[in-house]
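The values are calculated or read from the model by the stated rules, or taken from the named source; none is laboratory data. All values reported here derive from a predicted model rather than from experimental measurement. Every residue, glycine as well, gets a Cβ built from its backbone with ideal geometry; the counts of neighbours run over all protein chains shown.
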Ligand SMILES: [Zn+2]
């Protein structure tokens with residue numbers, strides 16, 4: 001685990017590049033409802049806690065809309081930058097939650113300051129991992145693919161350590177693992 005990744009612009013840019021690839025894949029799959037062509041329909045997010053220096057594109061969620069007027073199904077690509085509708089970037093939700101485990105109060109405060117989150121917000125993330133995340137259909141099926149059970153009380157640190165490599169590689173692998181939580185389709189009301 002590494003706190004340095006929280007402010008590493010190269011790492012964040014790498015996530016953007018991977019999101020570009022995931023978007024291209026999502027678009028190539030066409031509309032899941034009618035097999036129509038997908039048009040780009042990006043939307044803006046206001047992710048918090050990111051270091052300065054990332055361009056405007058970083059705030060765009062890569063999403064598509066079926067070109068057929070009678071369908072218009074929206075499909076949002078999986079993302080390594082955003083975790084569902086959470087306001088803070090996925091990297092922050094994972095790393096700050098993992099690093100605060102066993103940390104001294106001073107270190108916890110430092111982490112909060114680094115990403116501009118209050119203690120209450122960080123506590124809420126902890127609860128999200130230990131209470132909401134574990135009840136998602138994604139986790140219910142994904143946990144079966146792991147070699148041994150992970151401690152749910154120690155999430156996401158306990159999950160992060162299941163992936164091999166240096167801290168950046170581990171985090172990338174975990175963000176990819178969480179991918180199914182982040183994309184999906186929305187059928188528009190007619
Ligand atoms: Zn369609």
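Taking the condition of being assigned to a loop (DSSP other than H, G, I, E, B) and at negative phi, how many residues in the range 61-76 meet it?
Taking the range 61-76 first, the residues assigned to a loop (DSSP other than H, G, I, E, B) are 62, 67-73.
Narrowing further to those that are at negative phi: 62, 67-71, 73.
So the answer is 7.
Just checking, which of 114, 83 is away from the ligand (no atom under 16 Å from the Cβ), surrounded by 18 or more Cβ atoms within 10 Å (Cβ to Cβ) and closer than 30 Å to residue 152 by Cα?
On the way: 114 fails: surrounded by 18 or more Cβ atoms within 10 Å (Cβ to Cβ).
Criteria check complete, one pass: 83.
Quick one: count up the residues across the range 31-42 that are more than 11 Å from the ligand (Cβ to nearest atom) and either closer than 26 Å to residue 7 by Cβ or touching a helix residue (DSSP H, G or I) at 6+ places or on another chain (Cβ under 6 Å) (or both).
1
Select, from 23, 90, 77, 67, the only residue that is within 19 Å of residue 176 (Cα to Cα) and modelled with pLDDT of 95 or more. Steps first, answer last, please.
Values: 90 fails: modelled with pLDDT of 95 or more; 77 fails: modelled with pLDDT of 95 or more; 67 fails: within 19 Å of residue 176 (Cα to Cα).
Only one candidate passes the filter, namely 23.
So for the range 145-152 (the condition being at pLDDT 90 or above, within 27 Å of residue 8 (Cβ to Cβ) and not in a loop (DSSP other than H, G, I, E, B)), does at least one residue qualify?
So far as the range 145-152 goes, no, none of its residues is at pLDDT 90 or above, within 27 Å of residue 8 (Cβ to Cβ) and not in a loop (DSSP other than H, G, I, E, B).
May I ask you to list the residues in the range 55-70 that are surrounded by fewer than 17 Cβ atoms within 10 Å (Cβ to Cβ) and over 16 Å from the mean Cα position of the chain (by Cα)?
The answer is 55, 56, 57, 67, 68, 69, 70.
Only residues that are surrounded by fewer than 17 Cβ atoms within 10 Å (Cβ to Cβ) and under 21 Å from residue 184 (Cβ atoms): list them for the range 87-111, please.
Listed by number, the list holds a single entry, 87.
Mind checking which residues of the range 1-17 are farther than 14 Å from residue 58 by Cβ and surrounded by fewer than 14 Cβ atoms within 10 Å (Cβ to Cβ)?
The one that is farther than 14 Å from residue 58 by Cβ and surrounded by fewer than 14 Cβ atoms within 10 Å (Cβ to Cβ): 4.
Output the residues belonging to the range 80-99 that are under 10 Å from the mean Cα position of the chain (by Cα) and either within 15 Å of residue 167 (Cα to Cα) or part of a helix (DSSP H, G or I) (or both).
90, 91, 92, 93, 94
Considering the range 56-71 alone, what residues qualify as being within 16 Å of the ligand (Cβ to nearest atom) and farther than 14 Å from residue 27 by Cα?
Going residue by residue through the range 56-71, those that are within 16 Å of the ligand (Cβ to nearest atom) are 63-71.
Within the range 56-71, 68, 69, 70, 71 qualify.
Considering only residues of the range 5-30 that are part of a helix (DSSP H, G or I) and farther than 26 Å from residue 170 by Cα, which is nearest to the ligand (Cβ to nearest atom)? Please lay out each step first, then the result.
Step one: of the range 5-30, the residues part of a helix (DSSP H, G or I) are 5-7, 9-28.
Now drop any that are not farther than 26 Å from residue 170 by Cα, which leaves 27-28.
Details: 27: 13, 28: 15 Å.
Top of the filtered list is 27.
When both residues are 6+ apart or on different chains and their Cβ atoms are under 8 Å apart, which pairs have a first residue that lies in the range 30-54 and is within 20 Å of residue 185 (Cβ to Cβ) and touching a residue at least 60 places away in the same chain (Cβ under 8 Å), and a second that is within 16 Å of the ligand (Cβ to nearest atom) and part of a loop (DSSP other than H, G, I, E, B)?
Cβ pairs passing all conditions: 32/73; 33/71; 33/73; 33/187.
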